[in-house]
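S.K.: Got a structure for you, questions after.
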Amino acid sequence: MCGLFKEIIKVCRFTLLIHSSVFRTMLDDGPLGDPSGEHTHIKDVEPHIFKLMLRHMYGCLDDPKDIPLEMREDLILCADKYNVQPLIAKVGRLLMPTQVSNVFPALRCSSIISIPELEIAVTYIVQNNSCDILNHAEFLKLNDLAVEFIVKVLLNNELVIWNALVKWAEHQATITPGSSLRQLMTKPLRHIRFATMKHKDIVESVIPKNILSPEEIVQVYQAIEKNKTFVVPGLCGNIAVRSKPNTFGLTKYY
């Protein structure tokens, strides 16, 4: 049985065992089924996505046109959850971005799943089109993991990144009642290099937002003044200005 709305999907047990190590564990040792072994309960995947994965297992998903654009993200997450590596590779190729307009699905997946080729392509586009990325309507809709990915790889001035992050958090606060900006920013905030900002930036753009505590502001000021790293839980104490990582030997996909 599969999905929030239960649907019984008949499938060859042997097919699941061949293609997925996760299903091998579930069916052999796990509690996710009835004692007879006739049923396995899949609660975290919608039936239409699970059926697409089954089509791959049966060798009937060779044409990219058979995987609708709007289902590719859910399908690759499903394939990752059940460790169907060939399907991850197949959908990853379909998600490979070429420009800002089609990078966001790949970005969301790269923040959750480790696909080196996809991550390289996403990083390249984000770093070379940072203004377009940060000002894109899709940026405000991203989850915190995807925003964290962006904040980690951006090469911009730290103030630009901070302002974009605050704008994202303020938007998220309108659709997530009861959450403070600090709570919403928990993951990406760990990568903001406050110690590389100017005193003026802290006074005009950081303090007024009331996201950092007075004690944390003092630590940031001291780090800027002494050009020395600091240790505060949840904040980045790095004093090095952002620079391009060494990509020697890596293939860039664009």
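S.K.: Taking the Cα centre of the chain as the origin, how large is its charge dipole in debye, to the nearest 20, when only Lys and Arg (+1) and Asp and Glu (-1) carry charge on their Cβ atoms?
M.R.: Charge dipole of the chain: 540 debye, to the nearest 20.
S.K.: Moving on. Could you check the simple spin-label distance between Val22 and Gln183, using points 7 Å along Cα→Cβ, in nm with one decimal?
M.R.: Label at Val22, label at Gln183, 2.9 nm between them.
S.K.: Rounded if a/c is under 1.5, else prolate if a/b beats b/c, else oblate: with a ≥ b ≥ c from the C-alpha gyration tensor eigenvalues square-rooted, which is the stretch 138-254?
M.R.: The shape class here is oblate.
S.K.: For labels at Lys51 and Lys141 in the simple 7 Å Cα→Cβ model, what's the distance in nm?
M.R.: According to this spin-label approximation, the distance is 2.5 nm.
S.K.: Run the simple label-point estimate for Ser243 and Val160 please: 7 Å along Cα→C-beta, distance reported in nm.
M.R.: 1.8 nm
S.K.: Using +1 at the Cβ of each Lys and Arg and -1 at the Cβ of each Asp and Glu in the stretch 99-193, identify which of Pro105, Thr176, Asn156 lies farthest towards the dipole's positive end.
M.R.: Thr176
S.K.: Oh, and also: Using just the helices of the chain, give the 222 nm mean residue ellipticity in deg cm²/dmol: DSSP H runs with n ≥ 4 each add -39,500 (n - 2.57), and the total is spread over all residues, rounded to 500.
M.R.: Dividing the helical sum by the residues of the chain leaves -13500 deg cm²/dmol.
S.K.: Per-residue HN-Hα couplings for the stretch 214-228, Karplus 6.51 cos²θ - 1.76 cosθ + 1.60 at θ = phi - 60°, whole Hz, x for Gly and Pro?
M.R.: Computed from phi, the couplings for the stretch 214-228 are x, 5, 5, 4, 4, 4, 5, 4, 5, 5, 5, 5, 9, 6, 9 Hz.
S.K.: Between Arg190 and Glu70, what length comes free when the chain is fully extended (0.36 nm per residue of separation minus the Cα-Cα distance, one decimal in nm)?
M.R.: 40.1 nm
S.K.: Now for a different question. As I understand it, the dipole of the chain uses +1 on the Cβ of Lys and Arg and -1 on the Cβ of Asp and Glu, about the Cα centre. Which of Met185, Cys78, Cys12 lies farthest toward its positive end?
M.R.: It is Met185.
S.K.: Let me check against my output: what whole-number percent is the relative contact order of the chain, with C-alpha pairs under 8 Å and at least 6 apart?
M.R.: Result for the chain is 14 percent.
S.K.: Under the definition of Cα pairs under 8 Å and six or more residues apart, what whole-number percent is the relative contact order of the stretch 137-235?
M.R.: With pairs under 8 Å counted, the relative contact order is 28 percent.
S.K.: Please sort 190-198, 220-228 by packing, taking for each peptide the average over its residues of neighbouring beta carbons within 10 angstrom, highest first.
M.R.: 190-198, 220-228
S.K.: Express the accessible area of the stretch 82-155 per residue in Å², computed with a 1.4 Å probe while the remaining protein chains stay in the model.
M.R.: 40 Å²
S.K.: Here's another thing I want to ask about it. Nearest 20 debye, what's the magnitude of the dipole of the stretch 137-243 about its Cα centre given +1 on Lys and Arg Cβ and -1 on Asp and Glu Cβ?
M.R.: Approximately 200 debye in magnitude.
The values are calculated or read from the model by the stated rules, or taken from the named source; none is laboratory data. All figures in this text were calculated on a predicted structure; none of them were measured in a lab. Backbone-built Cβ (ideal geometry, glycine too); neighbour counts: all protein chains shown. Please note that ligands, DNA and RNA were not included when accessible areas were found on the heavy atoms of the full protein model with its side chains. Shrake-Rupley method; radii C 1.70, N 1.55, O 1.52, S 1.80 Å.
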